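Some notes on the structure that comes next.
The values are calculated or read from the model by the stated rules, or taken from the named source; none is laboratory data. Here the structure is a predicted model, which means the values were calculated and not measured. Glycine gets a Cβ as well: all are built from the backbone with ideal geometry, and neighbour counts include every protein chain shown. Areas reflect the complete protein model, heavy atoms only, side chains present, ligands, DNA and RNA absent. Shrake-Rupley method; radii C 1.70, N 1.55, O 1.52, S 1.80 Å.
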Amino acid sequence: MKSILITGGAGFIGSNFVRTLLRLEPDARIVNLDALTYAGSLENLRDLPAPERHTFVQGDICDRELVEDLLRQHQVDTLIHFAAESHVDRSILGPAPFVQTNVMGTFTLLDACRRVWGEADGFAGRRFHHVSTDEVYGSLEPGAPAFQEATPYEPRSPYSASKAASDHLVRAYFHTYGMPVTITNCSNNYGPYQFPEKLIPLMILNAVRGQALPIYGDGKQIRDWLYVEDHCEAIHRVVQDGKPGETYNVGGGNQPYNIDLVREICAILDELRPGARPYAELIQHVPDRPGHDRRYAMDISKIRAELDWVPRHDIESGLRATVQWYLDHPDWVRAVLEQDGYQTWLDKNYVERGGK
Ligand code: NAD
Ligand code: TYD
């Protein structure tokens, strides 16, 4: 791993991964291709540990010519693919960009690698790593065993369906063309630089602004929360030592009800930034998400046994670090909240659905 093309490296997980890689791989050079949609920001890439080894390129992963140029120009040996439309609620209100970026974008990257690597010296020493989600497996009933790598795909939202389609394409390029691919399917991440449309940062920032904390439905849905740094280390491990053609499930083993997680965030805020009244008084139940998956849980025995990876953060320490990070970064928060379109999104998703 010497010349690495990262897609979506100005987003939440991608920008955390850029930091992880610069720290763990002292010889690596990174080219970071990101379209800077509403979810991506150069603010996420400030103060990198070794900025001279990082080159940012603004562009679309669906732009085949650009992708091929970057692969050739930088003699890329490793592509790590994060770029995606990533928010389920947006996929419900407008699915088209999800199919375009997640399906067509992934296809474009795969086929560009097939051509450029094929024309050069073939696939030896190359790797295409695809970052995917646990949501491709569908929704678990209470008490059902956690998702394993062999669990059949049963995506239920336009987001998860588009990610499932991209996973299938990646596998097809392994079986058909022998491209050395790996896939990680990971559970919900949280941590620094997450855009405040997702549950945890939305709750932190709404709370400190004295705004309602909107819980969909009864709040008894379950996610398997993982601190983002742990996810980044898992991806690094898989890219280094994972077997081509294989999929690895990644998860945190932390599975609270949404409502209890939000209460925990409120309790941390009561301690770190005490207000006039307990933050939990801002909790408000709002109409449920259509087709809302009830429960996710990941079985991580494969990555633990084969690659010796386990998460290093528990939910208590990870949540506390995350709340503290948002409190300590008012400039980042201001830039995001003032961004064109953020308030429009809140109005569309919450006010128009009858919440707040
Ligand atoms: P994000 O929405 O924060 O960031 C996505 C990034 O991709 C942004 O910087 C955006 O500008 C960029 N992008 C979008 N469309 C693009 C395009 N057409 N061309 C180039 N760049 C484009 O997402 P995230 O939460 O960091 O997720 C990263 C990846 O991890 C995604 O593939 C997602 O499916 C997967 N994933 C996320 C989670 C999670 O909890 N956030 C969990 C498991 C897997
Ligand atoms: P989210 O962060 O959007 O991730 P995902 O849908 O990919 O799991 O949501 C996490 C959980 O929190 C999910 O069950 C939906 C719920 N949720 C709310 O109750 N209120 C909200 O305002 C948001 C954004 C999510």
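For Val250, the residues 5 or more places off, or on other chains, whose built amide H falls under 5 Å of its own are Asn185, Cys186, Ser187. Summing Lys and Arg as +1 and Asp and Glu as -1 over all other residues whose Cβ lies under 11 Å from the Cβ of His292 gives a net charge of +1.
On a per residue basis, the range 1-84 carries 40 Å² of accessible surface, using protein heavy atoms and a 1.4 Å probe.
Surface composition of the range 122-265: carbon and sulfur make up 49 percent of the accessible area, probe 1.4 Å. Under 25 Å of direct C-alpha separation, and excluding same-chain neighbours fewer than eight residues apart, Lys198 reaches these lysines: Lys163, Lys220, Lys348, Lys356. Here the range 132-231 is treated with +1 on each Lys and Arg Cβ and -1 on each Asp and Glu Cβ, and its dipole about the Cα centre works out to around 260 debye. Among His329, His231, His313, which one shows the highest mean-square fluctuation when the chain is modelled as a Gaussian network with alpha-carbon springs under 10 Å? Fluctuation is largest for His329.
Peptide packing: for 256-262, 142-148, the average count of neighbouring Cβ atoms within 10 Å per residue gives the ranking 256-262, 142-148, highest mean first.
Close amide H partners of Phe128, meaning residues 5 or more places away or on another chain with modelled amide H under 5 Å apart, are Leu79, Val181, Thr182. Here the Kirkwood formula, the inverse mean of 1/r across different C-alpha pairs, assigns the range 51-114 a hydrodynamic radius of 13.0 Å.
3J(HN,Hα) along the range 74-91, derived from phi through the Karplus expression 6.51 cos²θ - 1.76 cosθ + 1.60 where θ = phi - 60°, amounts to 9, 6, 5, 9, 9, 10, 10, 9, 9, 4, 6, 7, 10, 10, 4, 4, 5, 5 Hz, with x in place of Gly and Pro.
For the range 230-289, the dipole from Cβ point charges (+1 on Lys and Arg, -1 on Asp and Glu) about the Cα centre works out to 120 debye, to the nearest 20. Taking the chain as the reference, fit the longest principal axis to its C-alpha atoms, fit the long axis of helix 228-241 to the helix C-alpha atoms, and give the angle between the two in degrees, 0 to 90, nearest 10. Tilt relative to the chain: about 20 degrees. For the range 15-27, backbone phi angles converted through the Karplus equation (6.51, -1.76, 1.60; θ = phi - 60°) give residue-by-residue couplings of 6, 5, 5, 4, 4, 4, 5, 4, 6, 8, 10, x, 9 Hz, Gly and Pro being listed as x. Ordering of 283-296, 13-26 by packing is 13-26, 283-296, highest average first (other Cβ atoms within 10 Å, averaged per residue). Computed over the range 269-339, the P(r) tail beyond 17 angstrom holds 72 percent of alpha carbon pairs. Over all orientations, the chain has a Cα convex hull whose mean projected area works out to 16.6 square nanometres.
Comparing Gln100, Gln194, Gln343 in a Gaussian network model of the chain (Cα springs below 10 Å), the most mobile by mean-square fluctuation is Gln343.
If you take the charge dipole of the chain about its Cα centre, with +1 on Lys and Arg Cβ and -1 on Asp and Glu Cβ, which of Ile200, Trp309, His292 is farthest toward its positive end? In the chain, that residue is His292. When only the Cβ of Lys, Arg, Asp and Glu is charged (+1, +1, -1, -1), the dipole of the range 217-356 relative to its Cα centre reaches about 360 debye. Per residue, the convex hull spanned by the alpha carbons of the range 77-127 comes to 57 Å³.
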